[in-house]
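Working notes, beginning with the structure itself.
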Amino acid sequence: VSSPTDAPAAPSLDAADVMSIFSDSYTDVAGTDFNPNWGQSTQVSTEDLGGNSVMKYAGLNYQGTAFSSPLNVSGYTSIHLDYWTSDSTALNFFLISSGEGKEKAKALDVSNLGQWNSVDIPLTDFSDVVDLADVIQFKVDGNGTIFFDNIYFKKAVATTPATGPTAPSAASEDVISI
(Lines give C-alpha, C1' and ligand atoms only; values in the text may rest on other atoms or scores of the structure.)
Protein backbone atom coordinates (compact mmCIF):
# COMPACT_ATOMS: atom_id res chain seq x y z
CA VAL A 1 0.00 0.00 0.00
CA SER A 2 1.57 3.27 -1.10
CA SER A 3 -1.00 5.69 0.34
CA PRO A 4 -3.44 5.76 3.26
CA THR A 5 -7.04 4.75 2.66
CA ASP A 6 -8.39 6.54 5.74
CA ALA A 7 -7.62 9.86 7.38
CA PRO A 8 -6.12 9.99 10.88
CA ALA A 9 -8.40 10.37 13.87
CA ALA A 10 -9.84 13.87 14.14
CA PRO A 11 -8.36 15.93 16.99
CA SER A 12 -10.65 16.73 19.90
CA LEU A 13 -8.93 19.66 21.60
CA ASP A 14 -10.90 22.85 22.12
CA ALA A 15 -10.19 25.33 19.32
CA ALA A 16 -9.15 27.92 21.93
CA ASP A 17 -6.20 25.67 22.85
CA VAL A 18 -4.71 25.34 19.34
CA MET A 19 -3.17 27.41 16.56
CA SER A 20 -3.88 25.34 13.48
CA ILE A 21 -1.63 25.27 10.44
CA PHE A 22 -3.33 22.44 8.50
CA SER A 23 -6.41 20.60 9.78
CA ASP A 24 -10.03 20.16 8.77
CA SER A 25 -10.94 20.27 12.47
CA TYR A 26 -9.85 23.87 13.13
CA THR A 27 -9.55 27.23 11.38
CA ASP A 28 -6.04 27.40 9.91
CA VAL A 29 -3.66 30.36 10.07
CA ALA A 30 -4.56 32.57 7.09
CA GLY A 31 -2.11 33.16 4.26
CA THR A 32 0.07 30.09 4.83
CA ASP A 33 2.15 29.09 1.79
CA PHE A 34 2.42 25.29 1.79
CA ASN A 35 4.66 25.18 -1.28
CA PRO A 36 7.12 28.10 -1.36
CA ASN A 37 9.57 27.98 -4.24
CA TRP A 38 12.77 27.05 -2.39
CA GLY A 39 14.21 24.97 -5.22
CA GLN A 40 12.98 21.68 -3.78
CA SER A 41 12.06 18.72 -5.96
CA THR A 42 9.21 17.58 -3.67
CA GLN A 43 5.82 17.40 -5.38
CA VAL A 44 3.13 18.85 -3.08
CA SER A 45 -0.57 18.08 -3.45
CA THR A 46 -3.72 17.90 -1.36
CA GLU A 47 -5.58 14.60 -1.35
CA ASP A 48 -9.10 13.81 -0.18
CA LEU A 49 -9.49 10.82 2.14
CA GLY A 50 -13.18 10.29 2.84
CA GLY A 51 -13.94 14.00 2.97
CA ASN A 52 -10.78 14.91 4.89
CA SER A 53 -7.94 16.85 3.25
CA VAL A 54 -4.37 15.64 3.76
CA MET A 55 -1.12 16.98 2.30
CA LYS A 56 1.03 14.69 0.19
CA TYR A 57 4.77 15.24 -0.26
CA ALA A 58 5.88 12.91 -3.07
CA GLY A 59 9.58 12.39 -3.76
CA LEU A 60 10.56 14.31 -0.63
CA ASN A 61 13.97 15.91 -0.49
CA TYR A 62 12.85 18.95 1.53
CA GLN A 63 9.70 21.01 1.73
CA GLY A 64 8.93 24.30 3.39
CA THR A 65 5.87 26.00 4.77
CA ALA A 66 5.95 29.79 5.12
CA PHE A 67 3.62 31.97 7.19
CA SER A 68 2.37 35.33 5.89
CA SER A 69 3.48 36.95 9.15
CA PRO A 70 5.51 35.64 12.11
CA LEU A 71 3.65 33.44 14.59
CA ASN A 72 4.02 33.93 18.32
CA VAL A 73 3.78 30.38 19.67
CA SER A 74 5.48 31.13 23.00
CA GLY A 75 2.18 30.46 24.82
CA TYR A 76 1.95 26.93 23.40
CA THR A 77 3.67 23.80 24.71
CA SER A 78 3.98 21.56 21.63
CA ILE A 79 3.38 21.12 17.94
CA HIS A 80 1.23 18.19 16.84
CA LEU A 81 1.70 16.29 13.56
CA ASP A 82 -0.05 13.28 12.05
CA TYR A 83 2.02 11.62 9.32
CA TRP A 84 1.88 8.48 7.20
CA THR A 85 4.49 6.85 4.97
CA SER A 86 5.07 3.49 3.37
CA ASP A 87 8.62 4.10 2.15
CA SER A 88 10.49 6.81 4.06
CA THR A 89 13.68 5.94 5.90
CA ALA A 90 14.38 9.46 7.22
CA LEU A 91 12.12 12.35 8.16
CA ASN A 92 13.02 15.52 10.06
CA PHE A 93 10.79 18.41 11.13
CA PHE A 94 12.33 21.90 11.51
CA LEU A 95 10.92 24.95 13.25
CA ILE A 96 12.39 28.23 11.94
CA SER A 97 12.42 31.79 13.28
CA SER A 98 13.85 35.00 11.81
CA GLY A 99 17.61 35.43 11.70
CA GLU A 100 20.62 33.49 10.49
CA GLY A 101 20.80 29.91 11.80
CA LYS A 102 17.52 30.11 13.72
CA GLU A 103 16.26 26.65 12.86
CA LYS A 104 16.35 23.35 14.64
CA ALA A 105 15.38 19.83 13.55
CA LYS A 106 13.58 17.03 15.32
CA ALA A 107 13.87 13.52 13.84
CA LEU A 108 10.52 11.76 13.42
CA ASP A 109 10.15 8.01 13.85
CA VAL A 110 9.43 6.36 10.48
CA SER A 111 9.62 2.76 11.69
CA ASN A 112 5.81 2.32 11.73
CA LEU A 113 5.25 2.12 7.97
CA GLY A 114 1.78 2.04 6.44
CA GLN A 115 -0.06 3.61 9.37
CA TRP A 116 -0.85 7.04 10.73
CA ASN A 117 1.59 8.20 13.37
CA SER A 118 0.83 11.03 15.79
CA VAL A 119 3.49 13.04 17.56
CA ASP A 120 3.47 15.98 19.93
CA ILE A 121 6.89 17.62 19.84
CA PRO A 122 7.57 19.80 22.89
CA LEU A 123 8.46 23.33 21.82
CA THR A 124 11.25 23.21 24.41
CA ASP A 125 13.00 20.88 21.91
CA PHE A 126 13.43 23.96 19.69
CA SER A 127 13.53 26.90 22.11
CA ASP A 128 17.31 26.90 22.67
CA VAL A 129 17.74 28.00 19.01
CA VAL A 130 14.35 29.14 17.71
CA ASP A 131 12.62 32.32 18.93
CA LEU A 132 9.13 30.99 19.72
CA ALA A 133 7.70 34.53 19.56
CA ASP A 134 8.88 34.86 15.93
CA VAL A 135 8.23 31.59 14.05
CA ILE A 136 8.23 32.32 10.31
CA GLN A 137 8.46 28.86 8.70
CA PHE A 138 8.82 25.19 9.16
CA LYS A 139 10.24 22.59 6.85
CA VAL A 140 10.67 18.86 6.58
CA ASP A 141 13.44 16.92 4.93
CA GLY A 142 13.96 13.25 4.29
CA ASN A 143 12.91 10.86 1.57
CA GLY A 144 9.99 8.89 0.21
CA THR A 145 6.38 9.95 0.09
CA ILE A 146 4.84 11.43 3.23
CA PHE A 147 1.24 12.37 4.02
CA PHE A 148 0.53 15.01 6.69
CA ASP A 149 -2.59 16.10 8.53
CA ASN A 150 -3.55 17.88 11.74
CA ILE A 151 -0.55 20.17 12.05
CA TYR A 152 -1.15 22.54 14.93
CA PHE A 153 0.45 24.17 17.95
CA LYS A 154 -1.29 23.27 21.19
CA LYS A 155 -1.45 24.53 24.73
CA ALA A 156 -1.16 22.36 27.79
CA VAL A 157 -4.57 21.19 28.88
CA ALA A 158 -5.20 21.66 32.60
CA THR A 159 -5.22 18.34 34.42
CA THR A 160 -6.26 19.80 37.78
CA PRO A 161 -9.50 21.60 38.57
CA ALA A 162 -9.44 25.38 38.36
CA THR A 163 -11.48 25.67 41.57
CA GLY A 164 -11.87 23.55 44.68
CA PRO A 165 -14.98 21.72 45.79
CA THR A 166 -17.91 23.49 47.40
CA ALA A 167 -17.61 23.75 51.17
CA PRO A 168 -19.73 21.15 53.04
CA SER A 169 -22.98 22.40 54.52
CA ALA A 170 -23.58 19.70 57.17
CA ALA A 171 -23.45 20.71 60.80
CA SER A 172 -20.08 19.88 62.35
CA GLU A 173 -21.69 17.72 65.06
CA ASP A 174 -23.11 15.47 62.32
CA VAL A 175 -19.75 14.88 60.61
CA ILE A 176 -16.60 12.92 61.34
CA SER A 177 -13.88 14.59 59.28
CA ILE A 178 -10.94 12.54 58.11
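The values are calculated or read from the model by the stated rules, or taken from the named source; none is laboratory data. Not measured: the values here are computed from a predicted model. Backbone-built Cβ (ideal geometry, glycine too); neighbour counts: all protein chains shown. Areas reflect the complete protein model, heavy atoms only, side chains present, ligands, DNA and RNA absent. Shrake-Rupley method; radii C 1.70, N 1.55, O 1.52, S 1.80 Å.
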Can you compute 3J(HN,Hα) from phi for each residue in the stretch 6-16, using the Karplus curve 6.51 cos²θ - 1.76 cosθ + 1.60 with θ = phi - 60°, rounded to whole Hz and x for Gly and Pro? 10, 6, x, 4, 6, x, 10, 5, 5, 4, 5
Just how far, in whole angstrom, is the stretch 95-156 from the stretch 66-87 if you go by their alpha carbon centroids? 6
Ratio Rg/Rh [Cα only; Rh per Kirkwood] for the chain: 1.14
At 1.4 Å probe radius, can you tell me the per residue accessible area of the chain in Å²? 53
Charges at C-beta only: +1 for Lys and Arg, -1 for Asp and Glu. How large is the resulting dipole of the chain about its Cα centre, in Debye rounded to 20? 340
Convert each backbone phi in the stretch 168-177 into a coupling constant with the Karplus relation 6.51 cos²θ - 1.76 cosθ + 1.60 (shift: θ = phi - 60°), then list the ³J(HN,Hα) values in order as whole Hz, x for Gly and Pro. x, 10, 6, 5, 4, 6, 9, 10, 10, 8
For the stretch 76-86, Karplus-derived ³J(HN,Hα) couplings (6.51, -1.76, 1.60; θ = phi - 60°; whole Hz; x for glycine and proline) come out as 10, 9, 7, 10, 9, 9, 10, 9, 9, 8, 10
Accessible area of the stretch 7-161 with a 1.4 Å probe: how many percent of it is carbon plus sulfur? 46
Using a Gaussian network model of the chain whose springs link C-alpha atoms within less than 10 Å, name the residue from Gly59, Gly39, Gly99 with the highest mean-square fluctuation. Gly39
Residues other than Ser118 with Cβ under 13 Å of its Cβ, Lys/Arg counted +1 and Asp/Glu -1, net out at -3
